[in-house]
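The values are calculated or read from the model by the stated rules, or taken from the named source; none is laboratory data. Keep in mind the model is a prediction, meaning the values are calculated, not measured. Cβ coordinates were reconstructed from backbone atoms using ideal geometry, including for glycine residues, and neighbour counts include every protein chain displayed. Calculation scope for accessible area: heavy atoms of the full protein, side chains included, ligands and nucleic acids excluded. Shrake-Rupley method; radii C 1.70, N 1.55, O 1.52, S 1.80 Å.
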2 protein chains.
Amino acid sequence: MRQSARGQVDPFIVMDVMAAAARAEAAGRDIIHMEVGQPGTPAPAGARKALASALEQPLGYTVALGLPELRQGIADLYRRWYGVDLDPARVVVTSGSSGAFILAFSALFDSGDRVAMGYPGYPSYRQILRAMSLEPVGIETRPEDRYQPRPEALPDAEGLILASPGNPSGTVLRPDEMRALTQAATAKGMAVISDEIYHGLSYGDRCHSALEITDEVFVVNSFSKYFSMTGWRVGWMIVPETHLRTVERLAQNLFICPPHASQVAALAALDCEEEAQANLAVYRENRRLMLEGLPKAGFTRIAPPEGAFYIYADVSEFTDNALEFATEILDHAGVAVTPGLDFDPDRGARTLRFSYARATADIAEGLRRLTEFMASR
Amino acid sequence: MRQSARGQVDPFIVMDVMAAAARAEAAGRDIIHMEVGQPGTPAPAGARKALASALEQPLGYTVALGLPELRQGIADLYRRWYGVDLDPARVVVTSGSSGAFILAFSALFDSGDRVAMGYPGYPSYRQILRAMSLEPVGIETRPEDRYQPRPEALPDAEGLILASPGNPSGTVLRPDEMRALTQAATAKGMAVISDEIYHGLSYGDRCHSALEITDEVFVVNSFSKYFSMTGWRVGWMIVPETHLRTVERLAQNLFICPPHASQVAALAALDCEEEAQANLAVYRENRRLMLEGLPKAGFTRIAPPEGAFYIYADVSEFTDNALEFATEILDHAGVAVTPGLDFDPDRGARTLRFSYARATADIAEGLRRLTEFMASR
């Protein structure tokens, strides 16, 4: 039976690490998980309670753009978080940020179009683009630019994906950097998609939305990270008014609607910022431990992790095969970490990503093991 | 800001009817809904109960192909329903049947490829294909073939979508027809996708799966209809072993995973066939009323509605503008029905789809109003 060329996307290398970690656990070993990109906490209690009470309702299809009260609640968030006055009509509730990217790419780009993004970056950008017959164009970023692209480095392309805080880097674009990038991109005729999925998870200044700078941008966010709702598959996208009808028709046909139960939970989650802030306090402490412990263990070349729950480390002094190195760390230290290859097809062979999204006790134990392992090397 | 050509998919014409019905209701009118393609019943009680008990768990990402026990449960269903022994490794849990189509089309077809389907048919086939830079090729079907394509009518194309029971027709492919179609398609090098989302909802013989005939097929199904879980966005797809790795990588990147909470509910729904059968008994009675009442009202040219919860009527003796006719029915009779244009871009101007998925009392009242309206015309 035929197979498409577009379907031949790259495998996730982290999956090999996760499978090896699962095998080790099945064999009775205790593994500390610094490879996973999701909170260990459940959805906020208020969100779960709201869903429990709604379970007597039919929960059939909602309209394609999502429950009106949820769209209003998200618009209100933009006023609270950024001081931006946002028409709820421009809020599209999506099946996770993944669903938002599929909608944005469909609405903006045709087969063969080029879409640029900083390397290292979230691997699924590249793979979703390929699956849609679009061409990902990597912009090699520099540690001295905090792994964010410079405006003068933008290639010729139809689109640009910005990510702040970045994954795997955790680095944040300042407002002036965001402005310079969006202006340079617009001048080159590029459509800008700003991935803001880690907003709310920052440890210095608050994160700035591209919407504070321009309305001519697709902004993607989600309930997955700050609101700790990864498996619920509910995210959102802010769309320029000019593209609303297009996105609505695409959403009707490609998704029908985001999961209704998850929308009910998400609506209530908007009122659970206290619990989200408590989770953030845990990440903050974890990050403090990591920034203290990783250099002591020998991982000194790290990007300033201003947001999200990741630390990206250059390990070129130890290896030029990060997958092998990650396997060694798993085997000898019992700590699962992510080799950088998923994020940067070239230089990722000499980098690791450490996630600190789990419980603080796990982070402390993981650091102890990493220190011991590196000392014995 | 740029817009893509692929993003310019057709609007749903039924949305105009639904909006008009909503306006009428907001103005205080009582409207009978025969336009909507979803059950009025909630998810099975057992499914909702299982989710309520699971809400204390984190419900983070599952693996991309879905919870292993759910995949096993779906494989078991194939033994129960069809006597097919299915390796659960071939079961892919998806974000509704919509997610299954996106995965199937990505795995099978490249930009510019042609995918054939019978007209009338589910409108989103065409629109998803267009959004993915694929070309939908309609096969005009005949009432005397129960609106299903004939093997000798297959065009040159890379793919074929079969739908049994069909939407809007409700007609069912017999095993010999299914065999002839899949064989003819395979002989022409077409990949076959069999949409079996209405299986379980049949009123004569049981529905036959394409999997009873060949393993060289993508079979799409969902918890939406028979299990009454439309808004939960959880479906599945059976994939040939040769395509599993491709589909898994695509699912990891395009969706991460189907909604976890919905998977928990769906797993429990598999044990709720008694409730599903009770819903089916309601549809059966509704169908009986419709088959009796619609011809009496004047709608005599109807496809034999052997499955699903739709009746497709040729109304060319009354109109060549089905949208206007549907509007007239809504305005004068207070019954919302679907004009055929969404299902058949050409001949749909002279057809209507009636859905009988709602409560029996509504169906009886709807028929009373339709009869009165047609008599007064």
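Listed values, structure above:
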item: Residue in region B:27-48 that is more than 30 Å from B:N253 (Cβ to Cβ), without any contact (Cβ under 8 Å) to a residue 60 or more places away in the chain and more than 19 Å from the chain's Cα centre (by Cα) present; result: yes
item: Members of region A:330-343 that are surrounded by fewer than 23 Cβ atoms within 10 Å (Cβ to Cβ) and at negative phi; result: A:L330, A:D331, A:H332, A:A333
item: Candidate set: region B:158-178, residues that are surrounded by fewer than 22 Cβ atoms within 10 Å (Cβ to Cβ) and touching a residue at least 12 places away in the same chain (Cβ under 8 Å); chosen: the one nearest to B:A104 (Cα to Cα); result: B:E158
item: Test: residue in region B:46-54 that is open to solvent by less than 30 Å² (accessible area, probe 1.4 Å), under 27 Å from B:G170 (Cβ atoms) and away from chain A (no Cβ under 12 Å); result: no
item: Only listed residue being at pLDDT 95 or above and farther than 16 Å from A:L201 by Cβ, chosen from A:F325, A:F309; result: A:F325
item: Those residues of region A:182-210 which are basic (K, R) and either touching a Phe, Trp or Tyr at 6+ places or on another chain (Cβ under 9 Å) or touching a residue at least 60 places away in the same chain (Cβ under 8 Å) (or both), in sequence order; result: A:R206
item: Answer from B:G189, B:G231, B:G204 - the residue that is facing chain A (nearest Cβ under 8 Å) and farther than 30 Å from A:P258 by Cβ; result: B:G189
item: Scope region B:56-73; condition over 23 Å from the mean Cα position of the chain (by Cα) and in contact (Cβ under 8 Å) with a residue 24 or more places away in the chain; matching residues; result: B:L59, B:G60, B:Y61, B:T62, B:V63, B:A64, B:L67, B:E69
item: Hits in region B:192-214 - residues which are more than 12 Å from B:A308 (Cα to Cα), over 18 Å from the mean Cα position of the chain (by Cα) and assigned to a loop (DSSP other than H, G, I, E, B); result: B:D205, B:I213, B:T214
item: Hits in region B:1-39 - residues which are open to solvent by less than 40 Å² (accessible area, probe 1.4 Å) and facing chain A (nearest Cβ under 7 Å); result: B:S4, B:R6, B:G7, B:V9, B:F12, B:Q38
item: Failed item, numbered, when A:K225 is tested on (1) more than 14 Å from every other protein chain (Cβ to nearest Cβ); (2) closer than 17 Å to A:S355 by Cα; (3) of a type in the set (D, E, K, R); result: (1)
item: Residue tally, condition of a type in the set (G, A, S) and open to solvent by 10 Å² or more (accessible area, probe 1.4 Å), over region A:298-320; result: 2
item: Some residue of region A:227-238 being surrounded by fewer than 24 Cβ atoms within 10 Å (Cβ to Cβ) and either touching a helix residue (DSSP H, G or I) at 6+ places or on another chain (Cβ under 9 Å) or of a type in the set (K, R) (or both); result: no
item: Top-ranked residue in region A:27-52 [being among the small types (G, A, S) and modelled with pLDDT of 90 or more; ranked as nearest to B:T242 (Cα to Cα)]; result: A:A27
item: Filter result for A:E212 (within 14 Å of another protein chain (Cβ to nearest Cβ), of a type outside the set (V, I, T) and open to solvent by 10 Å² or more (accessible area, probe 1.4 Å)); result: no
item: The listed residue being within 9 Å of chain A (Cβ to nearest Cβ), touching a Phe, Trp or Tyr at 6+ places or on another chain (Cβ under 9 Å) and farther than 30 Å from A:E35 by Cβ, out of B:L59, B:L108, B:L86; result: B:L108
item: Residue ID - nearest to A:I238 (Cα to Cα), chosen from residues in region A:111-141 that are open to solvent by 30 Å² or more (accessible area, probe 1.4 Å) and more than 7 Å from chain B (Cβ to nearest Cβ); result: A:Y122
item: Positions within region A:248-262 being more than 7 Å from chain B (Cβ to nearest Cβ) and either open to solvent by 10 Å² or more (accessible area, probe 1.4 Å) or over 27 Å from A:A276 (Cβ atoms) (or both), in sequence order; result: A:E248
